[in-house]
Amino acid sequence: MPEREVEQHIEALLQERRTFEPPAEFRAQANARDESIYEEANKDPVAWWAGQARERLTWFKEWDRDFNWDPPHYQWFIGGKLNASYNCLDRHLDEHGDRIAYIWVPELDGETKRITYRQLHEDVCRFANVLKGQGIGKGDKVGIYMGMVPELPVAMLACARIGAPHVVVFGGFSADSLRERMNQAGCKVMITMDGGYRRGNTIPLKANADEAMQDTPTIERCIVVRRTGDDVPMQQGRDLWYHELMQDASADCEAEPMDAEDMLYMLHSSGTTGKPKGVVHTTGGYLTQVASTHYNVFDIKPDRDIYWCAADIGWVTGHSYIVYGPLTNACTSVLYEGAPDYPDKDRFWTIVEEHKVTILYTAPTTIRTFMKWGVDYPKKHDLSSLRLLGTVGEPINPEAWIWYQEYIGGGRTPVVDTWWQTETGAIMITPLPGITTLKPGSATFPYPGVIADVVDDAGNPVGRGKAGYVVIKHPTPGMLRTLYEADDRYVETYWSRFGDRVYFPADGCKLDEDGYFWLLGRVDDVMNVSGHRISTYEVESALVDHEKVAEAAVVGAQDPDTGQAIIAFVTLKGGNEGTEELIAELREHVAKVIGKLARPKSIIFTDELPKTRSGKIMRRLLKDVAEGRQLGDVTTLQNADVVEEIRQKATLRAGEE
Ligand code: 7RM
């Protein structure tokens, strides 16, 4: 299909259909289909969450007190006892033991594995015994540095089973980053793999782990899963093979009763500057919010749905919506090992077609990449099994939202744009697909039980039609309890901006005339140009709205005249050239969409934008480039080499001006 036609079609849809009602059949069958859910939750959020905790989880012992708030610290379900692995596995066995928990799709064809709840339970029990055999018990931290293989959720759940908090580090992180996180957490054991597959190459996980372990005094053992079969050195007395340990382990292991407030895991936040923050999540509260949101936002029908969250388990999205949410809800998930363009750019659609995926959850940046690749890839496949789509990670521009719904969802599916953070543990602002009238680009409304608002610099509500900071006015069960061994930083980062009773996520947000929330991105990305507040995202959205633009990143660079100046980095759709004429055209286009005040001062064309491994554009780096600074740490980039290219172009342009 010619791209011009696609663009015109999208343009027309953007004009015509500003809002999307839930399709009647969808609403009729939705888990959440009655608007009273909001009223009920608003009346008494604590009681509502307690209801969710009872409904969605199995407790060994009911809590004595549902909530305690000693600002800015809080606890949920105090005195309650439960186990996350028991909730994910054991309690499903009688009725659903033969249901598939994971359809594991390896990057290479031909070895798809279907793992039932019973098999997963058995592996988890065995591995829990393996960990016990290595001296791991309640409270000991376990580092995990793996690719997307079934042994990864097995390892996490085994930790949860014996009460050992896991500390997962994304497999794309360097040895240095891994070491820093292992030491910060004081991990006793590390679980890794010989290597992982990515785009046909192998990632040397064990080699990186070895390098990290040259200076990790607390790590006593390293357990290695065999995946690639590469020859890796095994250090006598420290390193052990997973498959050998599993062979001898008993499949009998009681789940340890944990306190609701016991740490389930720690995960370092994807901060781009400074020391990583060890975000602490609990057992009862976290699992409650994850299970509740997963069930209602994705409208999970455990016996029918094939659900696919295409994130990496190394990020919070994977923790909550590949492991804990779907398993708590006894759902069948796709677990995909590899990249969206391997062996070809239609890999996702091959998987959706072959496994009849019904729900797909991915990131806006991935969607924009699909747009860049063109509609012919999805069009080659039958995607009619899809009934619901979701996005997370950054604001989604309306054009991408519409494209996603139209070309992936066949114009039928609701799209849930879900806003949340590593720190919140679970979804906070989101549509409920059977209830909410959608507006492309808006995450719509706070989830039931979430009290959110938008405030100005002084902390006063801005009211409808205005922008400010999004805030959370009452702790939810899934939110972080602290930063590991850095409680001062916790208080200062999240509970100080507007006093100790208001959680500050550091995201800008606009409330529209109908009370919809439009998340605008990090407030550190908001520019101030001649006293005007302009979101980098708004300008980016205007740029990608232009027919020749594939992706754009905008930063505010210091400027002697206007305070900040808008600098745009732009990648073009195939076949277009970055000429002076086009620069003028794009500036004009932004002026038309937002206003002259938002016109970028400079536009720099580049083949790629620098992105973190979770796909977030590294604006900080681009800001460094735009302001002519020495570049900081680039190790968390997935494509570090593009930075030098961009820097040279930026210098050239500066010379021209
Ligand atoms: C889940 C996750 C958190 C930051 C957050 C926002 C941005 C995430 C959305 C979004 C607009 C969304 N955790 N963000 N989702 N912005 N709309 N639907 O991404 O800790 O890695 O990032 O991501 O800025 O503060 S995270």
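The values are calculated or read from the model by the stated rules, or taken from the named source; none is laboratory data. What you are looking at is a predicted structure, and each value in this text was computed from that prediction instead of being measured. Here the Cβ positions follow ideal geometry from the backbone for every residue, glycine too, while neighbour counts run over all protein chains shown. With ligands, DNA and RNA removed, areas are computed over all heavy atoms of the protein, side chains included. Shrake-Rupley method; radii C 1.70, N 1.55, O 1.52, S 1.80 Å.
Filtered by the rule that a residue be out of contact with any strand residue (DSSP E or B) (no Cβ under 7 Å at 6 or more places or on another chain), among the charged types (D, E, K, R) and not in a helix (DSSP H, G or I), the range 388-417 gives a lone residue, R412. What about I191, is it within 24 Å of the chain's Cα centre (by Cα), closer than 22 Å to G133 by Cα and in a strand (DSSP E or B)? Considered against the rule, which asks whether it is within 24 Å of the chain's Cα centre (by Cα), closer than 22 Å to G133 by Cα and in a strand (DSSP E or B), I191 comes out as yes.
Looking across G515, G531, one residue alone is within 21 Å of G468 (Cα to Cα), at pLDDT 75 or above and more than 16 Å from the ligand (Cβ to nearest atom). It is G515. On inspection, I115 passes the criterion of being within 19 Å of I313 (Cα to Cα), surrounded by fewer than 22 Cβ atoms within 10 Å (Cβ to Cβ) and aliphatic (A, V, I, L, M).
Test M266 against the stated conditions and say whether it is modelled with pLDDT of 95 or more, within 16 Å of the ligand (Cβ to nearest atom) and either within 19 Å of D176 (Cα to Cα) or in a helix (DSSP H, G or I) (or both). Here the answer is yes, as M266 does meet what is asked. On the basis of being closer than 14 Å to F517 by Cβ and part of a loop (DSSP other than H, G, I, E, B), does T422 make the cut? No: the conditions fail for T422.
Of the residues making up the range 389-401, those that are more than 11 Å from the ligand (Cβ to nearest atom) and either among the acidic types (D, E) or crowded, with 24+ Cβ neighbours inside 10 Å (or both) number 2.
Can you tell me which residue in the range 418-437 is farthest from Y494 (Cα to Cα), limited to those that are open to solvent by 10 Å² or more (accessible area, probe 1.4 Å) and within 15 Å of the ligand (Cβ to nearest atom)? Residue satisfying both the conditions and the ranking: W419.
Pairs are defined by a Cβ separation below 6 Å, a sequence spacing of at least 6 or placement on different chains, a first member in the range 527-556 that is within 13 Å of T571 (Cβ to Cβ), and a second member that is part of a strand (DSSP E or B) and modelled with pLDDT under 90; the pairs so defined are A553/I617. Annotation: D633 fulfils all but one of (1) surrounded by fewer than 19 Cβ atoms within 10 Å (Cβ to Cβ); (2) modelled with pLDDT of 75 or more; the unmet one is (2). Taking (1) within 21 Å of I10 (Cβ to Cβ); (2) over 32 Å from the mean Cα position of the chain (by Cα); (3) part of a loop (DSSP other than H, G, I, E, B); (4) not small (G, A, S) in turn, E577 satisfies each apart from (1).
Looking at the range 177-196, is at least one residue in contact with a Cys (Cβ under 6 Å, 6 or more places away or on another chain) and within 23 Å of G237 (Cα to Cα)? Explain how you work it out, then say what you get.
So the first thing to find is which residues in the range 177-196 are in contact with a Cys (Cβ under 6 Å, 6 or more places away or on another chain), and the list is 190.
Pick out the ones that are also within 23 Å of G237 (Cα to Cα) and you get 190.
Yes, some residue in the range 177-196 is in contact with a Cys (Cβ under 6 Å, 6 or more places away or on another chain) and within 23 Å of G237 (Cα to Cα).
Looking only at the range 1-33, how many residues end up being among the charged types (D, E, K, R), modelled with pLDDT under 95 and either under 29 Å from the mean Cα position of the chain (by Cα) or at positive phi (or both)? Of the residues in the range 1-33, 4 are among the charged types (D, E, K, R), modelled with pLDDT under 95 and either under 29 Å from the mean Cα position of the chain (by Cα) or at positive phi (or both).
Counting the residues of the range 309-368 that are outside any loop (DSSP other than H, G, I, E, B), within 16 Å of the ligand (Cβ to nearest atom), farther than 16 Å from L388 by Cβ and of a type in the set (A, V, I, L, M) gives 3.
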